[in-house]
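> Below is the structure I would like to discuss, written out as structure tokens.
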Amino acid sequence: MGRMNTTYRLAVPVRKRVAIALWKLATGIEYRTISHLFGVGLSTVFNCVQDFCDSVIKVLLPQHITTPDAAKLVEIATFFHNRWRIPQVVGAIDGSHIPIIAPDEYPRDYFNRKGWHSIILQGVVDGRGLFWDVCVGYAGSVHDAQRECVMSAKAVTFMGATK
């Protein structure tokens with residue numbers, strides 16, 4: 001997330017870049033407002049948020065949300081069976097619509113069946129409620145059967161094609 005100083009401008013310090021991104025993500029206020037709050041340009045705010053999210057996905061996601069290997073899946077299935085009395089289950093899956101302000105481009109794509117604009121978050125947890133797969137970002141109008149999250153491809157790898 002760090003940037004280099006140039007002869008034309010000083011780089012925004014990493015702490016400030018992170019603060020800008022967290023402020024935007026926590027409040028959802030407009031980029032212009034954050035630009036004024038932090039005394040930086042509009043494009044700088046956008047870049048800070050984008051860089052922060054990219055860094056979280058690249059660095060933190062693989063450390064905390066990982067697809068279980070075959071041995072771990074057996075362990076998860078055993079836990080589900082022993083704790084919840086549900087045999088042959090390795091995950092509980094659910095989705096949620098996250099409210100958003102309608103984008104300027106293609107707003108109808110984000111209008112969900114509940115009557116408001118959203119993006120979709122889908123997660124899979126083990127028997128202890130710990131996430132092992134997350135998929136987020138599909139437009140609110142996308143049906144469950146049309147989403148192609150990574151987990152679908154992983155399921156084919158583990159179980160083989162079922163056609």
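> Among rounded, prolate and oblate, which fits region 54-125 when a ≥ b ≥ c are the square roots of the eigenvalues of its C-alpha gyration tensor, a/c under 1.5 means rounded, and a/b larger than b/c means prolate?
Values: a/c = 4.40, a/b = 1.82, b/c = 2.41.
Here region 54-125 falls in the oblate category.
> With each pseudo-label sitting 7 Å past Cα toward Cβ, what's the residue 71-residue 121 distance in nm, one decimal?
3.3
> How high is the FRET efficiency from residue 130 to residue 3, r the C-beta distance, R0 41 Å, rounded to 0.05?
Taking R0 as 41 Å, the efficiency between residue 130 and residue 3 is 0.70.
> Restricting things to alpha carbons, tell me how big region 14-62 is in terms of Rg and Dmax, in Å.
Computed over the Cα atoms of region 14-62, radius of gyration and Dmax are 10.5, 34 Å.
> Helix 14-27 versus the longest principal axis of the chain: what is the Cα-based angle in degrees, 0 to 90, to the nearest 10?
Tilt of helix 14-27: around 70 degrees.
> If you don't mind, another one. Using the Karplus curve 6.51 cos²θ - 1.76 cosθ + 1.60 with θ = phi - 60°, what ³J(HN,Hα) values do you get for each residue of region 49-61, in whole Hz, with x for Gly and Pro?
Using θ = phi - 60°, the values come out as 5, 4, 4, 4, 4, 4, 5, 4, 5, 6, 9, 7, 4 Hz.
> Turning to a different aspect of this structure: Please compute the volume of the convex hull spanned by the alpha-carbon atoms of the chain and report it per residue in Å³.
Considering the Cα atoms of the chain, their hull volume per residue is 174 Å³.
Each reported figure results from applying straightforward, stated rules to the coordinates on display, with no laboratory input. Worth saying up front: this structure is predicted, and the values here are computed from it rather than measured. Note that we place each Cβ from the backbone using ideal geometry, even for glycine, and neighbour counts take in every protein chain shown.
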